Amino acid sequence: MSEDLKGKVALITGANKGIGYEIARQLGSRGATVLLGARDIKRGEEAANKLRLNEIDARSVQLDVTDQKTIDSAGKQIESEFGKLDILVNNAGMISDGDRLPPSQVDIETLRHTYETNVFGVFAVTKAMLPLLKKSTAGRIVNLSSGLGSLTHNSDPNYEFADFKLLAYNSSKTAVNALTVLLAAELKDTPIKINAADPGFTATDLNQYQGHRTVEQGAIAAVRLATLPDDGSSGGFFDEDGVVPW
């Protein structure tokens, strides 16, 4: 097992399945202690157990990104056990069934519900964990975004996924990108680096496993951004091949 992340502590939200679980597995296999944030502590514990069978130091943490009490409690738990956080991966996200309509027909509650998890949840967790990330010698924040959040792609009729005009989901990922840029500007004089990752169209329950990419492929960009060297970028949007246009 590669030990290059030994001594590092990583928190991944929505990590009991899908890309989040795979990111935890890849970081853990390189020596990091991985904290699997999960709404359902039982599912989180089952996922952590699976990783421990592979000699990964994995723990489950109850964390619902839409519930401030669980976010605060997770922060206190990490502080008391580790005193710092080196890597935060904001992976938890959702698509609502009500989003699969033409944009003008989407119910406003669908928009609110999606933003609650995909935008406000990302901000709430990041804000709560920042004091712990500042105690790291090289804090890294990765926000899971999507090519569907790119305004450039959405404006291009020849974009591979031009037919996927999900008002709530796509715009929520655009907002995540904006959040990434603004926080990067605030943190530019610190060792913390924050970037947005596009995993590509990965087969997960988010899209009823219709994606053509594996979770191993979907985790590549996020893991790379979570382990950037000191001279790595901050405030960018990347997939595994490089820069994704805003």
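The values are calculated or read from the model by the stated rules, or taken from the named source; none is laboratory data. All figures in this text were calculated on a predicted structure; none of them were measured in a lab. Counting neighbours? That spans all protein chains shown, and the Cβs are built from the backbone with ideal geometry, glycine included. Quick note on the areas: whole protein, heavy atoms, side chains included, nothing else; ligands and nucleic acids left out. Shrake-Rupley method; radii C 1.70, N 1.55, O 1.52, S 1.80 Å.
Return P(r) of the stretch 1-84 (all Cα-Cα pairs; 10 Å bins starting at 0; whole %; ordered from short to long distances).
Taking all Cα pairs of the stretch 1-84, the binned fractions are 21, 53, 24, 2 percent.
Enter the angle in degrees (range 0 to 90, nearest 10) between the Cα long axis of helix 167-186 and the first principal axis of the Cα atoms of the chain, meaning the one along which they spread out most.
With both axes taken from Cα atoms, the answer is about 50 degrees.
Provide the per-residue ³J(HN,Hα) series for the stretch 99-115, in order, calculated from phi with Karplus coefficients 6.51, -1.76, 1.60 and θ = phi - 60°, each as a whole number of Hz, with x at glycine and proline positions.
8, 8, 10, x, x, 5, 9, 5, 6, 4, 5, 5, 4, 4, 4, 5, 5
Stretched out fully, how many nm does the piece from residue 155 to residue 69 gain, at 0.36 nm a residue minus the Cα gap?
Net length gain for the segment: 27.1 nm.
How many percent of the alpha carbon pairs in the chain exceed a separation of 32 Å?
Within the chain, distances greater than 32 Å cover 15 percent of Cα pairs.
Order 32-39, 77-84 from most to least packed using the mean count of other Cβ atoms within 10 Å.
So the order, starting with the most tightly packed, is 32-39, 77-84.
Any idea what the alpha-carbon Rg over 2.2 N^0.38 Å comes to for the stretch 1-145?
1.07
As I understand it, the value is the acute angle between the Cα axis of helix 41-52 and the longest principal axis of the Cα atoms of the chain; what does it come to in degrees, rounded to 10?
Between the helix axis and the principal axis of the chain, the angle is about 60 degrees.
Determine the order of 72, 231 by accessible area, beginning with the largest, at a probe radius of 1.4 Å.
Sorted descending by solvent-accessible area, the residues read 231, 72.
Can you tell me the relative contact order of the chain? Whole percent, Cα pairs under 8 Å, sequence separation 6 or more.
That works out to 18 percent.
With a cut-off of 8 Å between alpha carbons and a minimum separation of six or more residues, what is the relative contact order of the stretch 35-79 in percent?
That works out to 37 percent.
Please report Rg over Rh for the stretch 105-246, where both radii come from the alpha carbon positions and Rh follows the Kirkwood definition.
A ratio of 0.97.
Report, in degrees rounded to the nearest 10, the 0 to 90 angle that the Cα long axis of helix 68-82 makes with the longest principal axis of the chain.
30
Just how far, in whole angstrom, is the stretch 1-65 from the stretch 79-121 if you go by their alpha carbon centroids?
20
Hey, which lysines would be in cross-link range of residue 134, C-alpha to C-alpha under 24 Å, not counting anything within fewer than 8 residues on its own chain?
Qualifying lysines at Cα under 24 Å: 6, 8, 69, 76, 84, 188, 193.
Taking 0.36 nm per intervening residue step and subtracting the Cα-Cα distance, what contour gain separates residue 137 from residue 79 on full extension?
Working it through step by step, the gained length comes to 19.3 nm.
Per DSSP H run of at least 4 residues, take -39500 (n - 2.57); add these up for the chain, divide by its residues and hand me the 222 nm value, nearest 500 deg cm²/dmol.
-11500 deg cm²/dmol
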